[in-house]
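Notes follow the structure.
All of the numbers you see were taken from the coordinates with simple rules; none came from a lab. This one's a predicted model, so the numbers in the text were calculated from it and none came from an experiment. Methodologically, a virtual Cβ is constructed for each residue, glycine included, from the backbone with ideal geometry; neighbour enumeration extends over all protein chains shown.
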Amino acid sequence: MRRVHVFVLLAVAGGLGVAAAPAAADEGGFNQPGNILIADQFNNRVIEINRDHQIVWSFGNGSNVAGPHSIVGVNDAERVGDLTLLAGTGAPPEPSPTEPACKNPPGCPDNRVILVDENGQIVWQYGQAGVTGSGENQLNTPVFAAALSDHRVLITDQGNSRVIEVNRAGKILWQYGTTEVPGSGTNQLNNPNSAELLPNGRILIADENNNRVIEVNRNYEIKWQYGDPNNTSIIKGAAFASRLPNGNTLITDTGNSRVLEVTPGKKVVWSYVTNTRPKSLLEPLPTRAVRLENGDTLISDQFNEQVIEVNHATRAKIVFSQGMIGVAGTGFNQLNAPYDAKQIGDYTGLTPPSGFGDEQD
């Protein structure tokens, strides 16, 4: 089943509004179904590419300083109508051994979730550029953001050990995880890396450093879990998780360089390992995997410097790739630590806009 965001978030009275009309692609190829939106992390940019490897849209001028036209260490990008929602994570000092993205000894923070239009103008923002904190309108290493209905955004605020839901006015409506208290106990997370709203109203969270994926309700109860904080053979760093239409969960097991599809009964029914490819690094640390409508899986194979589309049936067959394996750069068909990739018009496995908490248990 295809799940497509068909609403558009706009700046209205300093916040987010909704326009009913779907986005239209322009003659240059922007927002065309089948294009791929990539968070090119160490290049400090988000690019939209077509299947001929051409960049048809981009945001981010490469600067290490967060500003109106820059995005530092971008971890996540999502097309929302004809706008783009970005998570500016920031960069630690010299994160890339080949092309350092940050030479500032304390690091280069961004700490914003922003919504930009086709022309690269910021139309909504949560968090303050370069400011690290946990107070009002502050974030600490936001790594993921998902647009919800009713003008809300779900943000994975990694450095603050929490997932928050904010409205267009910037008010926190709900939170899972105790702010600035990493752990594995009740209402605790440890370096969470993604979160999505499920149709049943629960939240699916990739709790990375706890080596687990959990499904929680609004009463802070864990209703499903895969992985164990004390057992890295199951998952070693849960970088991403999404619930598939068949009820299974697609998990990026970054430390084990693989992607898993797991049933509700916790049986692995499909997997793909990225470090057995020719020329692969021993530990490429794949960060995201999204199941496409055609059954293929789009994988951000971060330190192999590629986004790859893997055929579901053969598993070993790569039917498309962006970037050259092991070659970081900014040139044609080059990437530098791509962290996230999504296909335009094909959001299978991701959360569609729906009422938060419509169904609770």
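A few points about this structure:
- Segment 265-341 versus segment 217-243: alpha-carbon centroid distance in Å: 22
- For ILE49, ILE71, ILE205, ILE318, the sequence from fewest to most other C-beta atoms within 10 Å is ILE318, ILE49, ILE205, ILE71.
- Candidate lysines for bridging to LYS236, where Cα separation is under 26 Å - those fewer than 8 sequence places away on the same chain excluded: LYS223, LYS266, LYS267, LYS279, LYS317, LYS342
- Cβ-based exposure ranking for SER233, SER242, in which fewest neighbours within 10 Å come first: SER233, SER242
- Estimated FRET transfer efficiency (HIS53, GLN225; beta-carbon r; R0 56 Å; 0.05): 0.90
- Taking each residue as 0.36 nm, the span from VAL319 to GLU293 lengthens on full extension beyond its C-alpha to C-alpha distance by 7.9 nm.
- Loop-resident trypsin sites (Lys or Arg not before Pro) (DSSP state other than H, G, I, E or B) in segment 62-146 with no more than 14 further Cβ atoms inside 10 Å of their Cβ: LYS103.
- For the chain, built as a Gaussian network whose Cα springs stay under 10 Å, the top-fluctuating residue of THR314, THR132, THR263: THR314
- Simple point charges give the picture: +1 on the Cβ of Lys and Arg, -1 on the Cβ of Asp and Glu, and for segment 131-272 a dipole about the Cα centre of about 260 debye.
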